[in-house]
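One structure is given here, and the rest of the page talks about it.
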Amino acid sequence: MSDAALPYAPPFRPRLAAVGIIGSMLVAVGVFLSGFVISEPAPYEVFMAGLIGLWAIIGLRISRGIAPLLILLVLFNVGGMLSLTVLDDFSVGPMYIAVSLFLALSSVFFAAIIEAKPARLELIFRAWVASALITSILGILGYFHAFPGAEAFTLYDRAKGAFQDPNVFGPFLVAPSLYLMHGLLAGRILGAPLKVIGVLILALGLFLSFSRAAWALYLFSVVALVFVMLLKERTGAFRLKILVLSLSAAALLIVALIIALQFDKVADLFSSRTQLVQEYDGGHLGRFERHRIGFLMAMEKPFGIGPMVFSTIFPEDEHNIWLKSLTSYGWLGFACYFALIIWTLLAGFKALLRNRTWQPFLMISFIMLVGHTAIGFVIDTDHWRHFYLLLGIVWGCIALERRHNRQTASGRTPS
């Protein structure tokens, strides 16, 4: 073969490679910090704000594949800024929208760096697993008062780890659990014991959060993961392996649950939390009544009522992301959020079963986004940092798929 026939290989640039490695490691640190939000601003915000700013100066490329995410999130926050115009008290509203804008930019940032280097997906999920294990252990130790001051990691006798709220702590643990489960089902047996231990730690922490939304999210996500893997894999032997391992894992989790329920404190709270409708759900101005009244009120307020105002009118916050988008971001924000969710789920589903190196990460994140969309009807996911991370991962994979298809159509070897 002549030299002219050889494919072109760009020259190796050590400095550029070193910068890329350092950048990837800093991203992993940022993801790791997302599991520690005891107070705000949390270390995550401070670190990620600096990292995003630095990356923007060095050169953060926003491709056409990610542009819709940027546009919809910016318009969503424009709706939030417009909602500030109806406020009488500006003590908390501007800061709330500033955090919203930061989280939106973080989502675009994750999508862009993933499109630039798909290998960062592995680092992101490993950092997420490490963070989830530590915060889950803190929640478990806190729940059982394992050391003096351990109650700092609980709230209302519920594990919250290094979070402010058990209802955020629980869902944060689900994606790392899916990542470990996927490794069990699709990986080698050699690393199975460590993954099993990790799954059990995360499952126990999630269980002790006593968050019904987290429980439902976990159950849905595990079933969906197994279903999608069975759908994707064509060989009978691999499908049998998935079924056997899934049933074994389910049996192990049931045994662990039975053991946990032997503690009276756990059993009593579990019995209380498994009631479908809690005292604060039904009744006068309960959760569902507030949803009904809130939606009717929002129909008369094009700019919304402003961030953090709903709880000054009613006994509690909205506890519904759709209602929250109307009250805090107005009609414009609601329309953009609705369009973003629909666009993300449709584009993600289209690429879900493609045989790509990033497919496992897309599968886990897509399942999680579907689950978060569902629980968003009974809980407010607006400022959940891991939700915006998931959004960025899915859009990064969508952009990768778009680039792959474009290169294939042009006859080039996909990168």
Using a 1.4 angstrom probe, figure out how much accessible area the chain has per residue, in square angstrom, rounded to the nearest whole. 48
Excluding same-chain residues fewer than 8 positions from Lys241, which lysines have a Cα within less than 17 Å of its Cα? Lys195, Lys232
Taking 0.36 nm per residue of separation and subtracting the Cα-Cα distance, what length does fully extending Glu289 through Thr408 add? 37.6 nm
What are the residues whose amide H is under 5 Å from the amide H of Thr154, where those residues sit 5 or more places off or on another chain and H is modelled from the backbone? Lys160
Please work out the C-alpha center-to-center distance from the stretch 81-135 to the stretch 36-62 and express it in whole Å. 9
Share of the chain's accessible area from carbon and sulfur, percent, 1.4 Å? 71
Divide by every residue of the chain the summed helix terms, -39500 (n - 2.57) for each DSSP H run of at least 4, and state the resulting mean residue ellipticity at 222 nm, rounded to the nearest 500 deg cm²/dmol. -23000 deg cm²/dmol
How would you classify the chain from its alpha-carbon gyration tensor, with a ≥ b ≥ c the square roots of the eigenvalues: rounded for a/c under 1.5, else prolate if a/b is greater than b/c, otherwise oblate? oblate
When the chain is fully extended, how far beyond the present Cα-Cα distance does Val29 get from Leu296, taking 0.36 nm per residue of separation? 91.8 nm
Inter-probe distance in nm under a simple model that places probes 7 Å from Cα toward Cβ, at Ile38 and Lys117: 3.2
Length gain on complete extension for the stretch Leu252 to Val74, per 0.36 nm per residue less the alpha carbon to alpha carbon distance? 59.6 nm
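Quick check: from the Cα gyration tensor, does the stretch 100-154 come out rounded (a/c under 1.5), prolate or oblate? Walk me through the intermediate numbers first.
Numbers: a/c = 6.56, a/b = 2.23, b/c = 2.95.
Here the stretch 100-154 falls in the oblate category.
Determine, for each peptide in 46-57, 92-103, 379-390, the mean count of other beta carbons within 10 angstrom over its residues, then list the peptides with the highest first.
Averaged packing, sorted descending, gives the order 379-390, 92-103, 46-57.
The values are calculated or read from the model by the stated rules, or taken from the named source; none is laboratory data. These figures come from a predicted structure and were not determined experimentally. No Cβ is skipped: glycine too gets one built from the backbone with ideal geometry, and neighbour counts run over all protein chains shown. Heavy atoms of the whole protein, side chains included, go into the accessibility calculation; ligands, DNA and RNA do not. Shrake-Rupley method; radii C 1.70, N 1.55, O 1.52, S 1.80 Å.
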